[in-house]
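The values are calculated or read from the model by the stated rules, or taken from the named source; none is laboratory data. This one's a predicted model, so the numbers in the text were calculated from it and none came from an experiment. Using ideal geometry, Cβ is built from the backbone for each residue, glycine included, and neighbour counts are taken over all protein chains shown. Accessible surface is based on the protein model in full, side chains and every heavy atom, while ligands, DNA and RNA are left aside. Shrake-Rupley method; radii C 1.70, N 1.55, O 1.52, S 1.80 Å.
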Amino acid sequence: MEEIGRKEYALALLRSCYGYDNFRGHQWDIINHTLDGGDSIVLMPTGGGKSLCYQIPGLMSDSGFAIVISPLLALMNDQIDALQQNGIPARALNSEKSDIENRQTVDLLMEGKVKLLYISPEKLLNEISRWNTAITERICLFAVDEAHCISQWGHDFRPEYTQLGTLKQQYPHIPVMALTATADRITRDDIAEQLHIPDARLFVSSFDRPNISLNVVQGSTGRQKMKQIVQFINLHHGESGIIYCLRRKDTEKMAAELTRLGIDARPFHAAMSAQDKQQVQRDFINDDLKVVCATIAFGMGIDKSNVRYVIHSNMPRNIESYYQEIGRAGRDGLPAEALLFYTYGDVVALQQFALQSGQVQVNMDKLRRMQQFAESGVCRRRILLNYFNERFDHDCHNCDVCNNPPERFDGSTYAQMALSAIKRTDEQATMFTVTDILRGWRKADIIEKGYDRLKTFGVGRDLTVAEWNAYLLQMLQMGLFEVAYNENNHLKITDYGNEVLFGRQSIQLNRYHRQGFNVKKRETALPLPESAAQEKQLDKVLFEKLKDLRKALAKAGHIAPYMVFSDKSLQAMATEKPTTQAEFGILYGVGEVKCQKYWRAFTAAIREHLKE
Ligand code: ADP
Ligand code: ZN
């Protein structure tokens, strides 16, 4: 097939199967390279559109099929359900399926009736070795999803992935496509080596997710944080969100507290039973549960495109995790929010983890970079993308620093108060104790040590705990004092700190805003370029009605609402208001099968709405 004819065919499939009009970014180049028989390594952020890269080659192959290796059973089953909704013949071979089902799948493969075969890594080699050439000859691609799992350097090494190294040796003529959202160079090189694809072409997409607004709140105390979270959720009433917590018990506490305040929230963590975990995931995906309070265990296996916000109630341990977690928001490309709460207490706790880990140096460095991101006075997106070695040389206008630049003031007096308190404890106090001294809190251990008799006791009473937290952090960052990690985290004044203490130098601080975050209500959030270009307005009442209809149809069909249509498709409907099948069929995300299945219900609802 010539490249032009090839591309036309691919675009026709894209329209008829998925309801999309164009490939995004590198998608076509990747597909084309695969059709030429080339190996590839594909780096794309979550939500970037990796799946189409391997699905389209499978669909385009005459009687062949693509093998997709994926580590997560739940995700696999979801993808297959979603593909089947679009009329695409996809099957899975995994341990959750019955023997009969698995045998059926093999029969279908033999008959050339499957286009995409999803399989778990541990099952693959064993399975292939039993196939006859009638099947193996039909394999047109090995797609290795979450390919970083093969690398010891990655953050999610899985031993079962190491077997995949033999694929290329056994089937040298079949292209291999390794896909991951982990960008660092060591992992990337290791993937090529482990999979034996030294000549693989590298496709690196931008890691920017411009629709996610980035926000950081510094220094909030526990109670304040809770208040701010509740406020935030109420601002996003009816939308799906994830709140990440550091520890299991925090997820439970958070969920209980939110529930008490009338917000429908549930915890999710690794110690829960498989059944409970599945229930939470299912309810979340089906829009029956809006808020999940989770440890990092949540989200891995979830393909839900309309998560509208991700809150980190504690700082994550590194930028990779942070980016992966916020990436679970806004996969449909519509505006979404990331909100990070950050305190010195988090840093201390994370330092403990890092010190106990096998790779102290690496983990401490990564933590420091995360901390710098949280404390930064420059555009946060710049820091993130620079971290991933991507050039980004302008302000993003969709982060808290850009939208609300920090106000600076002369903080020398505050610094002197803090430094003098540290000095008077003989540098035997932690940041927490120093805050208590400055605030004049007669706590048992303060009195016991006689700190209530220090001259500095209570001199900083006019600032709140949150303000002191924020300012002490800035002073630490500036290098006025250091934390002796090997000495119970006691604070030690540096030479620079002494200069400031004795008035030989002055310092500037960023003003702490009590309100902390100013994440706007969605109406005022940045419009996306696409929707800005549209003349027509989104009819919000209709959008809500269509959401209800989607939910009812999903219930009836025993599938998740997002598998009926994404929020983005519903928005297109509530904007364009199609009343005929032809008008309906050209909308975003409406492929042929879905058009057939759903046009009547949706256009009827739209006509009904227009009458009112
Ligand atoms: P990833 O696997 O990289 O996280 P997905 O493959 O799930 O991302 O794609 C994210 C979303 O973008 C999905 O809803 C997908 O259908 C949509 N998408 C992918 N490619 C396109 C495209 N060319 N045009 C429109 N939407 C697309
Ligand atoms: Zn910015």
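Restricting to the stretch 57-77, and then to whatever is within 28 Å of PRO159 (Cβ to Cβ) and open to solvent by 10 Å² or more (accessible area, probe 1.4 Å), can you tell me which residue is modelled with the lowest pLDDT?
The qualifying residue modelled with the lowest pLDDT is ALA74.
Considering the stretch 548-601 alone, what residues qualify as being farther than 18 Å from PHE284 by Cα, surrounded by fewer than 19 Cβ atoms within 10 Å (Cβ to Cβ) and among the charged types (D, E, K, R)?
GLU576, LYS577, GLU583, GLU592, LYS597, ARG600
In the stretch 327-343, what residues are of a type outside the set (A, V, I, L, M) and within 16 Å of ligand 1 (Cβ to nearest atom)?
Scanning the stretch 327-343 gives GLY327, ARG328, GLY330, ARG331, ASP332, GLY333, PRO335.
Identify, please: which residue in the stretch 1-43 is at positive phi and within 11 Å of ligand 1 (Cβ to nearest atom) and is, among those, modelled with the lowest pLDDT?
GLY25
May I ask you to say which residue of LYS423, LYS443 is more than 16 Å from ligand 1 (Cβ to nearest atom) and at pLDDT 95 or above?
That would be LYS423, the only listed residue that is more than 16 Å from ligand 1 (Cβ to nearest atom) and at pLDDT 95 or above.
Could you give me the residue pairs with C-beta distances under 8 Å whose first residue belongs to the stretch 4-20 and is farther than 17 Å from GLY58 by Cβ, whose second residue is open to solvent by less than 70 Å² (accessible area, probe 1.4 Å) and part of a helix (DSSP H, G or I) wherever it lies, and which are 6+ apart or on separate chains?
Close Cβ pairs satisfying both conditions: GLY19/SER569; GLY19/LYS594; GLY19/CYS595.
Tell me, yes or no, whether the stretch 414-421 has at least one residue that is over 20 Å from SER206 (Cβ atoms), touching a helix residue (DSSP H, G or I) at 6+ places or on another chain (Cβ under 8 Å) and not assigned by TED's automatic domain parsing to the domain that holds TYR471.
No - not one qualifying residue is present in the stretch 414-421.
Would you point out which residue out of SER95, SER61 is more than 16 Å from ligand 1 (Cβ to nearest atom), over 27 Å from HIS173 (Cα atoms) and touching a Lys or Arg at 6+ places or on another chain (Cβ under 8 Å)?
On inspection, the qualifying residue turns out to be SER95.
Can you confirm whether the stretch 302-322 contains a residue that is within 16 Å of ligand 2 (Cβ to nearest atom), buried (at least 22 other Cβ atoms within 10 Å of the Cβ) and modelled with pLDDT of 90 or more?
Yes, that holds for at least one residue.
If a residue has to be within 14 Å of ligand 2 (Cβ to nearest atom), surrounded by 14 or more Cβ atoms within 10 Å (Cβ to Cβ) and over 18 Å from the mean Cα position of the chain (by Cα) to count, how many in the stretch 355-377 make the cut?
Qualifying residue count, the stretch 355-377: 1.
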